[in-house]
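One structure is given here, and the rest of the page talks about it.
The values are calculated or read from the model by the stated rules, or taken from the named source; none is laboratory data. As the structure is a prediction and not an experimental result, all values here were calculated from the model. Positions of Cβ are backbone-derived with ideal geometry, glycine not excepted, and every protein chain shown enters the neighbour counts.
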Amino acid sequence: MTAKLTRRSAVACAVAAVVAPNVARAAWPEGTVTIVHGFAAGGNADVMSRVLADALTKKLGAQFIVEPRPGAGGTLASGYLARAKPDGSILGVLTGGHSVSAAIYKQLSYRTVEDFAWISLMTEYPFILATYDEQPFKTAPEMIAYAKTAPGPLLCANVGNGSGQHLAAELLAALAHIPIKPVPYKGGSEGMLDVIGKRVDLIIDTPTVLLEPARAGQLRALATTGATRFFAMPDTPTIAESGVPGYESSSWLGLAAPAALPADLAARLNAIMREVLADPGMVAKLRGMGSEAAPTSGEAFKAKVAAEVVKWTKIVADAKIERL
């Protein structure tokens, strides 16, 4: 009898050892979940992260908070996320600049693809190229012509060296053969205010930052950076249409976690993201900010990031853009 009880106890303990971790993960989230991003408060990543955090808080009944960790084009936050405890307590919102950084930085503290669990894309969008209304040029072709004869380079605000916005400006300078000097800021709202204040000539940034100021007449939208016209600004030409054939630079925003996040939790998060992004209210909110809901599988998200690293690495090399 003792031997049978011992064997039963051993089996019970073995089953408990297998089941317990899954039970613990099934209880996620048990406490506050922090969503980090790499840019200043008020910018695209911050606004979108707060929209997502609010939706997740309402859906799951736990508190999701947003923690900006700006600096180095978002790479400081990416490094922090890669090293975070992989238990779901810390998630990250990454942008298309994450792929760009792999191409433009000589060295990073993390592996761009392998050190992350890719949950799902959230949105995709082009950038907007804008200036202040009193400039001598009113269109992108006029801006290009003006830049070729100006006494100095045009100053173009972006959200940090190594960001997607930075490389979008560098690519424009290389393909249009004009002098542009990127001016880094910690966030898009800071750069936008300096353009409105006429301290900087241009800005390339997201619709979240520039769409409303352009609609309100505070800024003049010269062009958008996507391969096709932007749904929220159908009368504004692309840069490619404006005399720079082959130009295209768009971005995205998505949810990621440390690479060792348990697979079942990653799958659950992906399912939650799909539900949140399918909600008609969320779809309308994102479109109102100039973005399209774009949920994906984790595998598709990872493949997209890997492909973009290859794409931007080639662009940086071909355009002879100086690496940082």
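Kindly evaluate THR228 against the criterion of being among the β-branched types (Val, Ile, Thr) and touching a residue at least 12 places away in the same chain (Cβ under 8 Å).
For THR228, the condition - among the β-branched types (Val, Ile, Thr) and touching a residue at least 12 places away in the same chain (Cβ under 8 Å) - is not met.
Out of all the residues in segment 146-159, is one or more modelled with pLDDT under 95 and either among the acidic types (Asp, Glu) or under 20 Å from SER251 (Cβ atoms) (or both)?
Checked against the condition, which is being modelled with pLDDT under 95 and either among the acidic types (Asp, Glu) or under 20 Å from SER251 (Cβ atoms) (or both), segment 146-159 yields at least one hit.
Out of GLY92, GLY73, report the one residue that is in a strand (DSSP E or B), buried (at least 17 other Cβ atoms within 10 Å of the Cβ) and in contact (Cβ under 8 Å) with a residue 60 or more places away in the chain.
None of the others qualify; the one that does is GLY92.
Would you say LEU155 is assigned by TED's automatic domain parsing to the domain that holds LEU210, more than 17 Å from the chain's Cα centre (by Cα) and either closer than 30 Å to PRO234 by Cα or assigned to a strand (DSSP E or B) (or both)? Please lay out each step first, then the result.
Details: assigned by TED's automatic domain parsing to the domain that holds LEU210: yes; more than 17 Å from the chain's Cα centre (by Cα): yes; either closer than 30 Å to PRO234 by Cα or assigned to a strand (DSSP E or B) (or both): yes.
Yes, satisfied.
Six or more apart or on different chains, Cβ under 7 Å: which pairs go from a residue in segment 251-271 that's in the same structural domain as ASN158 (by TED's automatic domain parsing) and free of Cβ contacts under 8 Å to residues at least 24 places away in the same chain to one that's in a strand (DSSP E or B) and surrounded by fewer than 21 Cβ atoms within 10 Å (Cβ to Cβ)? Could you list them?
Nothing qualifies.
Do you know which residues across segment 290-305 are under 11 Å from ARG274 (Cα atoms) and of a type in the set (A, V, I, L, M)?
Those that are under 11 Å from ARG274 (Cα atoms) and of a type in the set (A, V, I, L, M): ALA293, ALA294.
Just checking, which of ALA278, ALA216, ALA259 is under 21 Å from ASN44 (Cβ atoms) and either of a type outside the set (Phe, Trp, Tyr) or touching a Pro at 6+ places or on another chain (Cβ under 8 Å) (or both)?
Residue meeting the stated conditions: ALA216.
From GLY187, GLY164, which residue is more than 15 Å from ILE144 (Cβ to Cβ), surrounded by fewer than 24 Cβ atoms within 10 Å (Cβ to Cβ), out of contact with any Lys or Arg (no Cβ under 7 Å at 6 or more places or on another chain) and in the same structural domain as GLU142 (by TED's automatic domain parsing)?
Values: GLY164 fails: surrounded by fewer than 24 Cβ atoms within 10 Å (Cβ to Cβ).
Unique residue meeting the criteria: GLY187.
Starting from segment 290-310, keep only residues that are closer than 17 Å to LEU52 by Cα, then list their pairs with residues that are basic (Lys, Arg) and part of a helix (DSSP H, G or I) whose Cβ atoms are within a distance under 6 Å, requiring at least 6 positions of separation or different chains.
These pairs meet every condition: PRO295/ARG274.
Only residues that are surrounded by fewer than 21 Cβ atoms within 10 Å (Cβ to Cβ), within 18 Å of ALA303 (Cβ to Cβ) and either more than 17 Å from the chain's Cα centre (by Cα) or among the aliphatic types (A, V, I, L, M) (or both): list them for segment 247-265, please.
The answer is ALA259, ALA263.
Specify which of the listed residues (ALA84, ALA157, ALA145, ALA150) is of a type in the set (A, V, I, L, M, F, W, C) and touching a helix residue (DSSP H, G or I) at 6+ places or on another chain (Cβ under 6 Å). Steps first, answer last, please.
On the way: ALA84 fails: touching a helix residue (DSSP H, G or I) at 6+ places or on another chain (Cβ under 6 Å); ALA145 fails: touching a helix residue (DSSP H, G or I) at 6+ places or on another chain (Cβ under 6 Å); ALA150 fails: touching a helix residue (DSSP H, G or I) at 6+ places or on another chain (Cβ under 6 Å).
Criteria check complete, one pass: ALA157.
Looking only at segment 272-324, filter to residues that are of a type in the set (Asp, Glu), exposed (fewer than 14 other Cβ atoms within 10 Å of the Cβ) and assigned to a helix (DSSP H, G or I); which one of those is nearest to the chain's Cα centre (by Cα)?
GLU299
Given the conditions (1) part of a loop (DSSP other than H, G, I, E, B); (2) free of Cβ contacts under 8 Å to residues at least 40 places away in the same chain, and given that GLU212 satisfies all but one, which numbered condition is not satisfied?
(1)
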